Amino acid sequence: MKRVFPATRAGLNLGLGGAPVGNMYAAISEAAAQALLAGAYADGCASFDTAPHYGNGRSEQRFGVFLAGVPRATVTVSTKVGRLLTPDAVRSPRNFGVYVDVLPNLQHFNYSAAGVRRSIEDSLARLGLDYIDIAYVHDCSVMTHGERAPQVLRQVLAEALPELERIKREGLIRHLGVAVSHWQTCVEILREADLDCLLLAGRYTLLDQSALSELLPLCAARGVRVALGGPFNSGILATGVAGAQQPVRFNYEPAPGELVARAAAIEKVCERHGVPLRAAALQFPLAQAAIELVLVGVKSIAHWKDALAMMCHPIPEGFWQALRRERLIPDNAPTPRAPETIA
């Protein structure tokens, strides 16, 4: 099966997520953003993901500066539709609290055919590209829209996805998919439509394997390739909980007590086997057949290099067996092969 998401030059299934480049939680300078993008590319990264949502277009704009200096065929760029940006310097800073120092735009949800086309056109302009490799319908689930979610889903199926198919035939995008955290929405869409790929945020990680029950087997059967975003579940699997200096996050919010306890138990198994928690978190999802890529959102080249190192860190089979014995991962969750078993 042909890949949708290219690996790094060294063969690691790791890509760079662009939310931090859009100043998620804290601002980074233009110089730091460009150093991160260029450094990841120099290290062989070929998969770059962004969205209009990230900093009201700031992430896409910064990607555009970076992309102007690299050969187009050497990178796969994904972005998203579902939100339109309109200039508004007065109200834009209050639009989404998780982003700071945003561009002076307001966001408006729009899943109509006309809105999707304008979103692609606007993204192409910000990115400085003549085509986008992957376009996702963004945040079209109950987690974002609440009681309006059924209405949003109907419009996605009736307008957004058919328009993306037309845009794909025109050559402005290469692949289309959906980017959400709510795996059940992906299942609903796949019952009605064909997708090339998904960006699933946080629902098949070392801490949360909820997508294993139905979505991932369906993707494997249908040939839908999956990029796993949020492998650290918003931070709890990056920092751990032992000695954390601030409340750890899960799904962008303070982690509930039961998940903190579960993460602490995983961390103890890591300590016993000499396995960094970050290494286990990054490698675990890729054992699942449908998952082709793990995306990490980082703010510095040092954090990117750490992710590369964690992807290569040897993990003994006994570590995964211990997680199963302690019921910290389900019996039907595949695990990576130990290095000594790889030919």
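Is it fair to say VAL187 is surrounded by fewer than 19 Cβ atoms within 10 Å (Cβ to Cβ), among the aliphatic types (A, V, I, L, M) and under 26 Å from TYR252 (Cβ atoms)?
Working: surrounded by fewer than 19 Cβ atoms within 10 Å (Cβ to Cβ): yes; among the aliphatic types (A, V, I, L, M): yes; under 26 Å from TYR252 (Cβ atoms): yes.
Spelling it out, VAL187 is indeed surrounded by fewer than 19 Cβ atoms within 10 Å (Cβ to Cβ), among the aliphatic types (A, V, I, L, M) and under 26 Å from TYR252 (Cβ atoms).
Restricting GLY128, GLY146 to those that are touching a residue at least 12 places away in the same chain (Cβ under 8 Å) and over 20 Å from the mean Cα position of the chain (by Cα) reduces the list to GLY128. For region 311-328, the condition of being under 12 Å from LEU14 (Cβ atoms) and modelled with pLDDT of 95 or more holds for at least one residue.
Go through the residues of region 52-62 one by one and say whether even a single one is farther than 30 Å from PHE250 by Cβ and modelled with pLDDT of 95 or more.
Scanning region 52-62, I find no residue that is farther than 30 Å from PHE250 by Cβ and modelled with pLDDT of 95 or more, so the answer is no.
Between SER123, SER59, SER112, the distinction of being small (Gly, Ala, Ser), without any contact (Cβ under 8 Å) to a residue 60 or more places away in the chain and more than 22 Å from LYS299 (Cβ to Cβ) belongs to SER112 only.
Once region 22-40 is narrowed to residues that are surrounded by 20 or more Cβ atoms within 10 Å (Cβ to Cβ) and of a type outside the set (A, V, I, L, M), the residue that is nearest to the chain's Cα centre (by Cα) is GLY22. Selection within region 64-114: residues that are aromatic (Phe, Trp, Tyr) and at pLDDT below 95. The member of this set that is surrounded by the most Cβ atoms within 10 Å (Cβ to Cβ) is TYR99. As for region 195-210, it holds at least one residue that is without any contact (Cβ under 8 Å) to a residue 60 or more places away in the chain and among the charged types (D, E, K, R). Apart from one condition, PRO247 fits all of (1) modelled with pLDDT of 90 or more; (2) in a loop (DSSP other than H, G, I, E, B); (3) under 24 Å from the mean Cα position of the chain (by Cα); (4) not hydrophobic (A, V, I, L, M, F, W, C); the exception is (1).
Among the residues of region 158-167, the one identified as under 23 Å from the mean Cα position of the chain (by Cα) and surrounded by fewer than 18 Cβ atoms within 10 Å (Cβ to Cβ) is GLU165.
Search region 287-322 for residues being acidic (Asp, Glu) and either closer than 19 Å to TYR41 by Cβ or touching a Lys or Arg at 6+ places or on another chain (Cβ under 7 Å) (or both), and hand back the single one that is surrounded by the most Cβ atoms within 10 Å (Cβ to Cβ). My answer is GLU292.
Those residues that are surrounded by fewer than 23 Cβ atoms within 10 Å (Cβ to Cβ) and not basic (Lys, Arg), I need them from region 255-265; list them, please. Break it down into steps so the answer makes sense when it comes.
If we filter region 255-265 for residues that are surrounded by fewer than 23 Cβ atoms within 10 Å (Cβ to Cβ), which is where we start, we get 255-262, 264-265.
Selection gives ALA255, PRO256, GLY257, GLU258, LEU259, VAL260, ALA261, ALA264, ALA265.
For region 227-244, check the following and say yes or no: at least one residue is out of contact with any Phe, Trp or Tyr (no Cβ under 9 Å at 6 or more places or on another chain), surrounded by fewer than 19 Cβ atoms within 10 Å (Cβ to Cβ) and not small (Gly, Ala, Ser). There is no residue in region 227-244 that is out of contact with any Phe, Trp or Tyr (no Cβ under 9 Å at 6 or more places or on another chain), surrounded by fewer than 19 Cβ atoms within 10 Å (Cβ to Cβ) and not small (Gly, Ala, Ser). Are any of the residues in region 236-243 at pLDDT below 95 and either touching a Pro at 6+ places or on another chain (Cβ under 9 Å) or part of a strand (DSSP E or B) (or both)? Scanning region 236-243, I find at least one residue that is at pLDDT below 95 and either touching a Pro at 6+ places or on another chain (Cβ under 9 Å) or part of a strand (DSSP E or B) (or both), so the answer is yes.
When region 41-63 is limited to residues that are of a type in the set (Asp, Glu) and buried (at least 24 other Cβ atoms within 10 Å of the Cβ), the one that is nearest to ASN23 (Cα to Cα) turns out to be GLU60.
Cβ-Cβ distances below 8 Å connect the following pairs, each with a first residue in region 304-317 that is under 28 Å from GLN34 (Cβ atoms) and touching a residue at least 60 places away in the same chain (Cβ under 8 Å), a second residue that is part of a helix (DSSP H, G or I) and polar (S, T, N, Q), and a separation of six or more residues or different chains: MET311/GLN283. GLY235 meets each of the listed conditions (1) touching a strand residue (DSSP E or B) at 6+ places or on another chain (Cβ under 8 Å); (2) free of Cβ contacts under 8 Å to residues at least 40 places away in the same chain; (3) farther than 26 Å from LEU12 by Cα apart from (3).
Would you confirm, using the coordinates I've provided, whether VAL294 is β-branched (Val, Ile, Thr) and modelled with pLDDT under 95? The answer is no for VAL294. In summary, ILE173 fulfils each of the numbered conditions (1) in contact with a strand residue (DSSP E or B) (Cβ under 8 Å, 6 or more places away or on another chain); (2) without any contact (Cβ under 8 Å) to a residue 40 or more places away in the chain with the single exception of condition (2).
The values are calculated or read from the model by the stated rules, or taken from the named source; none is laboratory data. Values in this document were obtained by computation on a predicted structure and should not be read as measured data. Neighbour counts are summed over all protein chains in view; Cβ atoms, including those assigned to glycine, are modelled from backbone coordinates with ideal geometry.
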